Each structure stands twice: as C-alpha cells, then as structure tokens.
Amino acid sequence: LPTSTLTVTPNNPVFTGETVNLKCEIKYEWYKGTNNSVMLQTSNHYSVNRDTLTIRGATKSDQDYYWCRGQRDERPQSSHFSFLYLTVK
C-alpha cells in the first residue's frame, strides 16, 4: 500500500492566532479527533486544498489529533493513516 506522511508548519507547538498548515503527502481526506473523528471540510476556519489542511487563527480548541488518509486513483487505493497531535499554547 502507498504510505502517507503528515507534517505541520510551523513546528509543534503552535500558538494561538497562528496560521497552521498540515500537509498530507498522498491525499486529501482530513480528520480531527480520535473516537468521534470528523472529516474536515473547507470553512472560514479550515481550508482544505488537496494535500494541505490550513487552520486560520489557531485556538485552544484546535488542539487535538489530526489525521489524514492516503488515497490515490490507481490500485491499491488506500494507505495507512498518519496521525499528528497538534499542541496549541
């Protein structure tokens, strides 16, 4: 299976008010949380542009696990999940 790599800019921890970019090397499905994960969609706060999730004006409520699922059109389609815990100070 293809693998995905998840990175954060600026480096962890981030600070309130910062713009944060989380980049997923292969694909483009973004989730927040662990048990009751929600798929993140573009909004005023989140911007999803293919392999990059941007958080505008980070707040303490953004501190959580983020994960991406690698996918591609050809087979095999899915990769393992990549997790990152974002710390907001």
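Below are the figures for this structure:
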{"read-out": "Cross-chain or 6+ apart pairs with Cβ under 7 Å, the stretch 33-57 first and outside any strand (DSSP E or B), then open to solvent by 50 Å² or more (accessible area, probe 1.4 Å) and among the acidic types (Asp, Glu)", "value": "Asp51/Glu25"}
{"read-out": "Residue check for Leu22: farther than 15 Å from Val88 by Cα, surrounded by 11 or more Cβ atoms within 10 Å (Cβ to Cβ) and at pLDDT 85 or above", "value": "no"}
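The values are calculated or read from the model by the stated rules, or taken from the named source; none is laboratory data. Just so it is clear, the model here is predicted, and its values are computed rather than measured. Because the Cβ atoms are built from the backbone with ideal geometry, glycine has one as well, and the counts that use them run over all protein chains shown. Note: accessible area is taken over every heavy atom of the protein model, side chains too, but ligands, DNA and RNA are not part of it. Shrake-Rupley method; radii C 1.70, N 1.55, O 1.52, S 1.80 Å.
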